[in-house]
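The values are calculated or read from the model by the stated rules, or taken from the named source; none is laboratory data. Everything quoted here is computed from the prediction, not taken from an experiment. Here the Cβ positions follow ideal geometry from the backbone for every residue, glycine too, while neighbour counts run over all protein chains shown.
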Amino acid sequence: MMRGALFALALIAAPAWAAGDFAYTSRVAAGATVIDSRPLVDCRRASLPGARCLPAEEFLGPQRRLPSERDILWLLGTAGLAGSETALVVGQDATARDFVAGLLYLAGQKSVHILSGTMPSLDGRAEGGQQRGMVRSAVWTAPMRDSLWVLGVDIVRDKPTLVAAGGPRPTAANGVVVADDAYQAIARFTQLRAGQGIAVRVHPGSLALAAGRAR
């Protein structure tokens, strides 16, 4: 699904990772594009000013599989995102919030911050979040962070250290997060990379598939 060719070259050519581009924050910064990861009905009812509604489930197919790269970028364009924004991802469910944040970052979003803790009170707010459209209102132009996606063939070839979602903090640098599905794997990727500064990558398939191919 994701581009895996010339993986080693991509690692060499990729710019150094800036921790400030992907991090948790405790405040809502002025000028940030708010991405609300809560269920659509909740986001539409009331959200932070200017919020875009992007529930986690809109990115997931059967068995919590990701759509194709092209479809992910098209979906982001229907939310009016081009990838050049500073995104602030908010939500009440930490796993859903971290999944959406991680997917944005992997897709190439310039800067992704995650609002930690509980959302600010929305009591008395009449404004709901903006639901994405049926067609693109922006064209995604940011290059995907290909070097952070690890496919089954990469696991077979490179034999990286596999980091199970929900498992202990990895001790090896540049481990690969694996889980039962993409939702859990990408959420754990966010927690480790944005939250703890560990340079992990992620396998967006199933844990069983990764383990089978790694033998």
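Okay, here's what the table says:
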| item | result |
| --- | --- |
| Some residue of segment 35-42 being under 18 Å from Gly128 (Cβ atoms), modelled with pLDDT of 85 or more, in contact with a Cys (Cβ under 7 Å, 6 or more places away or on another chain) and acidic (Asp, Glu) | yes |
| Pick from segment 43-68, criterion touching a strand residue (DSSP E or B) at 6+ places or on another chain (Cβ under 6 Å) and of a type in the set (A, V, I, L, M), ranking: nearest to Val28 (Cα to Cα) | Leu48 |
| Failed condition for Ala29, given (1) closer than 13 Å to Val100 by Cβ; (2) among the small types (Gly, Ala, Ser); (3) in contact with a Leu (Cβ under 7 Å, 6 or more places away or on another chain) | (1) |
| Condition check for Ser111: farther than 27 Å from Ser26 by Cα and not aliphatic (A, V, I, L, M) | no |
| Filtered residues of segment 199-215 (kept if buried (at least 16 other Cβ atoms within 10 Å of the Cβ), in a loop (DSSP other than H, G, I, E, B) and at pLDDT below 90) | Pro204, Gly205, Ser206 |
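Conditions tested, residue by residue: (1) closer than 25 Å to Asp146 by Cβ; (2) surrounded by 23 or more Cβ atoms within 10 Å (Cβ to Cβ); (3) over 14 Å from the mean Cα position of the chain (by Cα).
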| site | (1), (2), (3) |
| --- | --- |
| Val90 | no, yes, no |
| Asp93 | no, no, yes |
| Ala96 | yes, no, no |
| Val100 | yes, yes, no |
| Leu103 | yes, yes, no |
| Gln109 | yes, yes, no |
| Thr118 | no, no, yes |
| Gly133 | no, no, yes |
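This table checks each residue for (1) assigned to a loop (DSSP other than H, G, I, E, B); (2) within 15 Å of Thr33 (Cα to Cα); (3) out of contact with any Asp or Glu (no Cβ under 7 Å at 6 or more places or on another chain); (4) touching a residue at least 24 places away in the same chain (Cβ under 8 Å).
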position: Ala87; (1), (2), (3), (4): no, yes, yes, yes
position: Ala96; (1), (2), (3), (4): no, no, yes, yes
position: Ile114; (1), (2), (3), (4): no, yes, no, yes
position: Gly128; (1), (2), (3), (4): yes, yes, yes, yes
position: Gly133; (1), (2), (3), (4): yes, no, yes, yes
position: Ile155; (1), (2), (3), (4): no, no, yes, yes
position: Pro168; (1), (2), (3), (4): yes, no, yes, no
position: Tyr183; (1), (2), (3), (4): no, no, yes, yes
